[in-house]
Amino acid sequence: MMITVKNDFHNSECRLRLRGQRLSIWQIDRCRATLCQPDDCWCGGIIKQQGPDSIVDNEGQQYAARLDFDSDWNWFVRISAI
């Protein structure tokens, strides 16, 4: 499934292929770099998303991103439907 992550502050967006509910570190880094260029900017959420409908799929379903940890305390971003 493809999702679109948007940042209304910078007028940018990133499309990601979501397999399951986790984003890979590569996807997280690419999304952050695409949505918000300045490293010291605090404009968005965990993957630099900002604004209403900031994470949606092709059919308009909204999603939320949250930081989570696995059993070895490695962090990842979990995407789930709202």
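The values are calculated or read from the model by the stated rules, or taken from the named source; none is laboratory data. This is a predicted model, so every value here is computed, not measured. FYI the Cβ positions are ideal-geometry reconstructions off the backbone, even for glycines, and counts take in every protein chain you see.
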message: Only one of 58, 7, 11 is over 15 Å from residue 77 (Cα atoms) and either among the hydroxyl-bearing types (Ser, Thr, Tyr) or surrounded by 19 or more Cβ atoms within 10 Å (Cβ to Cβ) (or both). Can you tell me which?
response: 7
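Residue-by-condition table, conditions (1) in a strand (DSSP E or B); (2) modelled with pLDDT under 90:
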{"position": "3", "(1), (2)": "yes, no"}
{"position": "9", "(1), (2)": "no, no"}
{"position": "14", "(1), (2)": "yes, no"}
{"position": "27", "(1), (2)": "no, no"}
{"position": "31", "(1), (2)": "no, no"}
{"position": "40", "(1), (2)": "no, yes"}
{"position": "48", "(1), (2)": "no, no"}
message: For residue 47, only one of the following conditions fails: (1) touching a helix residue (DSSP H, G or I) at 6+ places or on another chain (Cβ under 6 Å); (2) surrounded by fewer than 14 Cβ atoms within 10 Å (Cβ to Cβ); (3) not hydroxyl-bearing (Ser, Thr, Tyr). What is its number?
response: (2)
message: in contact with a Cys (Cβ under 9 Å, 6 or more places away or on another chain) and charged (D, E, K, R): is that true of residue 30 in this structure?
response: yes
- request: Answer yes or no: is there a residue in the range 53-67 that is more than 16 Å from residue 81 (Cα to Cα) and modelled with pLDDT under 95.
  value: no
message: Which pairs turn up if I take residues in the range 64-79 that are closer than 11 Å to residue 49 by Cβ and look for partners that are among the β-branched types (Val, Ile, Thr) and in a strand (DSSP E or B) with beta carbon separation below 9 Å, at least 6 apart in sequence or on another chain?
response: 64/55; 64/79; 65/5; 65/55; 65/77; 65/79; 79/3; 79/55
